[in-house]
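Input: a single structure, listed below in structure tokens.
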Amino acid sequence: MQATATGEKRGLLEYFGRVRAHTEELCKPLEIEDYIPQPTVDVSPPKWNIAHTTWFFEEMILKKFVEGYCEFDPQFGFLFNSYYNSIGQRTARDHRGDLSRPTVKRVFEYRRHVDEHMLKLLGAEARGPSSEVGRGPETRNSELETLIVLGLNHEQQHQELFLTDLKYTFAKNPVHPVYRSDFYPEERSDDSLDGWTTIPSGVYEIGHAGDGFCFDNELARHQVLLNEFEVSDRLVTNGEWIKFIDAGGYRDSLLWHSEGWDWVQRESVTAPLYWQGSDENNGYKHYTLAGLRDLPLDAPVCHISWYEASAFAEWKGMRLPTEFEWEAASAKFAWGSRWEWTGSAYLPYPGFRKPAGAVGEYNGKFMINQMVLHGASVATPEGHSRPTYRNFFHPHLRWQFTGLRLCR
Ligand SMILES: [Fe+2]
């Protein structure tokens, strides 16, 4: 038993190093000026993203599990806390880009400091269980490991945000900056055939099962009764979206929810985010992290809001799958290139329990006024996806790599 536990902890050490290194890999193409701007409240500057993920390890783990641990800088808790009310006051979310100080150099020093202490802690854990007053070694170790794995999954979520936030910021820039000239994964076509799969009616098990990691919102596993339905084997493409535009989809109020129609009018929406031009003469272009490029018609549509996904489905006389239908059918189709909007509101599963302490604020408090997305996207780090994963966003947001799959 001990040998296995020690092996698992060495695995955790390797996992920690790999995830932290990947974040810094993502930073390599950046120039120093790229680390700061925040053009809208929903996106964070790269500097904030890479400091905040570090703060998570310092705040949730080092301060709790390392006796006498000294914070790198007592002001960083205020600067890089995201939304944890139980931990304290923080920089307003729409002011993260106002901070030219601390410098980027200092934030990388912060990462070094926290990594060193985390590696020391992980190394000590790998050599054998420790104990502390009031808690047996097993309780302490399982809590510590749970938090480290959560911290690494949190950092992976921010790796995706790093790319989507940067794409939004660069897209606002009239010179269309290039992050990496070879980075346009959203142009890959979905090579699934244009077919439909029938899912029989029945009672399905929904939610995470097994010993692997999941977020708290994927629990508790429970039964859901589904009627028979058909789900498309592939995602809706850019070419199909152009037909929706040409048919007047953005001008027909009858296709839209009231809130969605208000959003279309208010924001003057006429196409997915990052599209430019029209297909009259030269065709549409779209902004990618490799710059402005011709829009590939066969690739799945990307950067659409829930309102748009729903209006498109209405236009086709179809609908979005509920999150339960999506999960029950997910073994039957290829997924992973887009976060797929579902027709389900983000609510707790029956039996959902918030964990004790600050991490209880991770998901549960956001279970209101948002819609669930399943799948993963071309920006999701490897190993950070599973069919039970529940992503969630407000219905007007579209800076993630979002798309849709139809259902009937
Ligand atoms: Fe976060």
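Only the coordinates and a few stated rules stand behind these numbers; no lab work does. All values derive from a computational prediction rather than experimental measurement. Using ideal geometry, Cβ is built from the backbone for each residue, glycine included, and neighbour counts are taken over all protein chains shown.
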- Top of 342, 164, 146 by mean-square fluctuation, Gaussian network on the chain, Cα under 10 Å: 146
- Query: lysines near residue 172 by alpha-carbon distance under 29 Å, same-chain residues fewer than 8 away left out - which ones?
  - Reply: 28, 47, 105, 243, 285
- Against the longest principal axis of the chain, how steep is helix 306-315, in degrees 0 to 90 to the nearest 10, with axes from Cα atoms? 30 degrees
- On a 0 to 90 degree scale, rounded to 10, what angle separates helix 2-27 from the longest Cα axis of the chain? 60 degrees
- Using the per-residue mean of other Cβ atoms lying within 10 Å as a proxy for protection, in what order, highest first, do the peptides 321-328, 156-163 fall? 321-328, 156-163
- Message: Which of 304, 199, 148 ends up with the largest GNM mean-square fluctuation for the chain, with Cα atoms connected below 10 Å?
- Response: 199
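Please compute the contact order of the chain in relative form: average sequence separation of alpha-carbon pairs under 8 Å and at least six residues apart, divided by the residue count, as a percent. Mind dumping the intermediate values first?
Values: 647 pairs, mean separation 70.3, N = 408.
The value is 17 percent.
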- Descending semi-axes in whole angstrom, ellipsoid equivalent of the chain, from the Cα gyration tensor: 38, 27, 18
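Rank the residues 52, 396 as a footprinting-exposure proxy: fewest other Cβ atoms within 10 Å of their Cβ go first. It would help to have the intermediate numbers written out before the result.
Numbers: 52 22, 396 18.
The order, fewest Cβ neighbours first, is 396, 52.
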- Relative to the longest principal Cα axis of the chain, at what angle does helix 137-171 sit, 0 to 90 degrees, rounded to 10? 40 degrees
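Can you tell me the FRET efficiency between residue 259 and residue 124 if r is taken as the Cβ-Cβ distance and R0 is 45 Å, rounded to the nearest 0.05?
Calculated value: 0.30.
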- Message: For the chain, what does the helix formula give at 222 nm: sum of -39500 (n - 2.57) over DSSP H segments with n ≥ 4, over the residue count, nearest 500 deg cm²/dmol?
- Response: -11000 deg cm²/dmol
- Hey, fewest Cβ within 10 Å first, where do 241, 196 land in order? 196, 241
